[in-house]
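Student: The structure under discussion is supplied below as structure tokens; questions concerning it will follow.
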Amino acid sequence: MAVKFADRMGKVEGSAIRELLKLTARPEVISFAGGMPAPELFPVEEMKKVSVAVLEEQGQVALQYTTTEGYLPLREKIADRMNKTLKTNVGPDDILMTSGSQQGLDFSGKVFIDKGDVILCESPSYMGALNAMKAYEPQFIEINTDNDGMIMEDLEKVLASNDRVKMIYVIPDFQNPSGRTWPLERRLKFMEIINKYEIPVVEDNPYGELRFDGESLPSLKSLDTKGLVIYLGTFSKIFCPGYRLGWTCASPKILEKFNICKQGADLQASTISQMEVNKFMDMYDLDEHVEKIKACYVKRRDIMLQTMKEEFPESVEFTHPQGGLFTWVTFPEGIDAGEMAKKCLEKNVAYVPGASFYPNGGVYNTCRLNYSNMPEEKIVEGIKRMGEVLREELAKSGNEQLTTNE
Ligand SMILES: Cc1ncc(COP(=O)(O)O)c(C=O)c1O
């Protein structure tokens, strides 16, 4: 077939996670691979009542097109919620509804990136964003991170020496993949640097409301005095991903460009999805629902961290997330997490090797573990099996650190 594709398609790859998820769909697999919420917490019975109410009360509106910006009552609720939980000061006109926050990531690339422009991101960063943005042919410069997220000295060095930086992509709360959160000082320093260089920042925050421990921190958006922060929110992790509802909140000049992208992509987010989520918030208490999710995930996090402490060799490190869905594991040098993933899959345990979270590659001994999607007994069993494989691998590589943390 003599079909010629656009050059940009040479740069993009399918998500390694989505490929892996196909393998992990078998019921016997204990999967720490996806970023999926616990399905047993979805409010199925409530949504049956909600859909009937929407169709009975406003069926013709729900099945019709709506504005590109999105359903106003829902945008009003989102603005109120942002102002309450994130300390922002925004209104419904600052919000554009999107198909998940993933669409906002794609639009960010479309709006800001010409071929060869530089995107700065945390190292590691969310592969779904990197893959979406790759279509616009950027260069990625990864900024080093430590346990408190992006290192500001490194960020400043890159900004001072590179004039092609067009956008910065960050996840300051319970980051995917590392589970890390930036403390307040880092957020303040970050905004100081950004204000100096005036570079647009995409603050991607699907997990911020899922805080189990410690105090909430102000979002970058709430600290933004120059209209540089583009905030991406979503109902996927605090409600259900199936509705595919997210939003972009940005200053008017930027939001207008996103609106144009939305018109071209799919005209608008689904009317009936927006009305159902809005109705759920009228009929039930979303805060209460979020509390239920948190109560379940904190137990799963605790059991995963505790079992890793008991079952993994001491030389293995992992993060202690204060919220969100993931912990990030670093194996000793020489252990290839990709190769080890195959051996774990033979024991019916799946995780995502860390390599694909580094846009420029080169790191092989890390992996991401999700704890939201598996019941506690499976978490224990899966981590035990991983521990066995790890000990075998370390023994093979002649690594002497075989003791456990017990
Ligand atoms: C950091 C991050 N951003 C964006 C998304 C996309 O989420 P959605 O499109 O469901 O809102 C995800 C999904 O896991 C994510 O982890």
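Student: For the stretch 203-291, run through the GluC sites (Glu not before Pro) and keep only the ones in DSSP coil with at most 14 other Cβ atoms within 10 Å of their Cβ.
Tutor: 215
Student: So for the stretch 71-127, averaging the separation of alpha carbon pairs under 8 Å that are six or more residues apart and normalising by length, what relative contact order in percent results?
Tutor: 23 percent
Student: Pull up the cross-link candidates among the aspartates and glutamates for residue 157, meaning alpha carbon to alpha carbon under 19 Å and not fewer than 8 places away within one chain.
Tutor: Correct list for residue 157: 117, 122, 142, 146, 148, 185, 192, 198.
Student: Follow-up question, since we're still on this one. Per residue, how much accessible area does the chain have with a 1.4 Å probe, in Å²?
Tutor: It amounts to 44 Å² per residue over the chain.
Student: Run the numbers for residue 146 and residue 314: contour at 0.36 nm per residue of separation, minus the present Cα-Cα distance, in nm.
Tutor: 58.5 nm
Student: Still on this structure: Quote to one decimal, in nm, the extra length available between residue 52 and residue 251 on full extension: 0.36 nm per residue of separation minus the C-alpha distance between them.
Tutor: 68.0 nm
Student: To continue, here is another question. Carbon and sulfur: what percent of the chain's accessible surface (1.4 Å probe)?
Tutor: On the chain, the fraction of accessible area on carbon and sulfur atoms equals 51 percent.
Student: Past 28 Å, Cα to Cα: identify those pairs from 134/309; 299/347; 166/189; 11/342; 166/253; 77/134, in the order given.
Tutor: 134/309; 77/134
Student: Hey, what did the chain get for relative contact order, percent, Cα under 8 Å, at least 6 apart?
Tutor: It comes to 23 percent, rounded to a whole number.
Student: Lys/Arg Cβ at +1, Asp/Glu Cβ at -1, dipole of the chain taken about the Cα centre: which of 240, 24, 260 is farthest positive-ward?
Tutor: The listed residue farthest towards the positive side: 260.
Student: While we're on this one: Starting from the Cα of residue 89, step 7 Å toward the Cβ, then list every residue of the stretch 227-256 with an amide N under 17 Å from that point.
Tutor: So the set is 227-229, 250-252.
Student: Continuing with this model, one more query. Suppose we flag chymotrypsin sites (Phe, Trp or Tyr not before Pro) only when DSSP calls them loop and at most 12 other Cβ atoms lie within 10 Å. Which is the longest uninterrupted stretch of the chain?
Tutor: 66-406
Student: What is the gain in length, in nm to one decimal, between residue 192 and residue 347 on full extension, counting 0.36 nm per residue of separation less the C-alpha to C-alpha distance?
Tutor: Length gained between residue 192 and residue 347: 50.9 nm.
Student: Roughly how many Å² of residue 171 are accessible to a 1.4 Å probe, to the nearest 10?
Tutor: Here the accessible area works out near 0 Å².
Student: For the stretch 192-311, what does the relative contact order come out to in percent, with C-alpha contacts under 8 Å and a separation of six or more?
Tutor: 23 percent
Student: Let me ask something else. Have a look at 110, 384, 196 and tell me which one the Gaussian network model of the chain (Cα, springs below 10 Å) gives the largest fluctuation.
Tutor: 196
Student: Would you list the membrane-span-like helices of the chain, meaning whole DSSP H runs whose alpha-carbon atoms span at least 27 Å along their axis and whose mean Kyte-Doolittle value is at least 1.0?
Tutor: none
Student: First select every other residue whose beta carbon is under 9 angstrom from the beta carbon of residue 174; then total the charges, Lys and Arg +1, Asp and Glu -1.
Tutor: +1
The values are calculated or read from the model by the stated rules, or taken from the named source; none is laboratory data. As the structure is a computational prediction, the values presented were derived from the model and not from experiment. Here the Cβ is made from the backbone with ideal geometry for all residues, glycine too, and neighbour counts use every protein chain on show. We work out accessible area using only protein heavy atoms, side chains counted, and drop any ligands, DNA or RNA first. Shrake-Rupley method; radii C 1.70, N 1.55, O 1.52, S 1.80 Å.
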